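Quick note: the coordinates plus some simple rules give every number you see, no bench work behind them. It should be emphasised that the depicted structure is a prediction, and the values quoted were computed from it without experimental measurement. FYI the Cβ positions are ideal-geometry reconstructions off the backbone, even for glycines, and counts take in every protein chain you see.
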């Protein structure tokens, strides 16, 4: 087995050797590109590329862009900065797929607030549509509780009816880039936590059962479970108890416990 593993590594090392791609450019040419970029702050890659062609260098414009000195002007607000600066005004939405004991597929809609990592709303359906999602937004944010921004992915179920509802409620839609779950980190983390701490240990019998499980777990998540991002506090602030007898209460038939003093 040891010989076979060594041979396998050697085979793929040989198979993955660098045989294709553009040849590397010389150090002299890289230095010239940097010099032109440094001395001509208003020149872009096409302008520098043109000058290099006139100097007899055969190089691609994309290569020129690669070796140019980055613009040192003030950077625009990054996505991470946006999430950090507007946390209290941001809500995030996502769908979690859950399979029942009969292998039926259910969808759990989750809406959470970024400020306190609090679960704001959840709902369960067999088929999420734009109309159903629009109705859930109304129920999640009645009256004047709507957030300023809503972060979501590019799922096709967020149709025009859903977008029109957001606009009518004064919510600014903020879809993430394709295949970039890191741009919706808090709700993605919540879904992962939900699976690891609850759904991976429970058989779901149907919609009614999933609603019961989620109701129990999310009450525990908001009121009892401490979070590192909140300095070991809970989304709904939980005061410290320093006197009394400690009582443990089982949650989800003993999957988790709540500890409090009485």
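With springs only between Cα atoms under 10 Å apart, run a GNM on the chain and tell me which of 65, 216, 16 wobbles the most.
The residue with the greatest mean-square fluctuation here is 16.
Evaluate the relative contact order of the chain (contact order divided by residue number), counting alpha-carbon pairs under 8 angstrom at least 6 apart; express in whole percent.
With pairs under 8 Å counted, the relative contact order is 12 percent.
Please report 215, 224, 245, 125 as a ranked list, fewest other C-beta atoms within 10 angstrom at the top and most at the bottom.
245, 215, 125, 224
Specify whether the C-alpha gyration tensor of region 76-149 places it in the rounded, prolate or oblate class, a ≥ b ≥ c being the square roots of the eigenvalues: rounded for a/c under 1.5, otherwise prolate if a/b is larger than b/c and oblate if not.
It comes out prolate by the Cα gyration axes.
How many nm separate the modelled label positions at residue 172 and residue 215, each set 7 Å beyond the Cα in the direction of the Cβ?
3.7
Given axes a ≥ b ≥ c from the Cα gyration tensor, I'd like to know whether the chain is rounded (a/c under 1.5), prolate (a/b larger than b/c) or oblate.
It is prolate, given that a/c is not under 1.5 and a/b is the larger ratio.
Rounded to the nearest 0.05, what FRET efficiency is calculated for residue 205 and residue 257 with R0 set to 25 Å and r the Cβ-Cβ distance?
Rounded to the nearest 0.05, the efficiency is 0.55.
Taking a virtual spin label 7 Å from the Cα of residue 104 along the C-beta vector, which residues in region 175-203 bring their backbone nitrogen under 17 Å of it?
Under 17 Å, as judged by backbone N against the label point of residue 104, lie 203 of region 175-203.
Just 91, 177, 27 to compare: in a GNM of the chain, with alpha carbon springs under 10 Å, which one fluctuates most?
Checking each option, the largest mean-square fluctuation is seen for 27.
Within region 176-206, find all residues whose amide N lies under 17 Å from a label point positioned 7 Å from the Cα of residue 82 along Cα-to-beta-carbon.
176-188
What distance in nm separates the simple spin-label points at residue 127 and residue 160, each placed 7 Å from Cα in the Cβ direction?
Taking the two extended label points, one gets 2.0 nm.
Please give the FRET efficiency for residue 30 paired with residue 146, using the beta carbon to beta carbon distance and R0 = 45 Å, rounded to the nearest 0.05.
So, using R0 = 45 Å, E works out to roughly 0.30.
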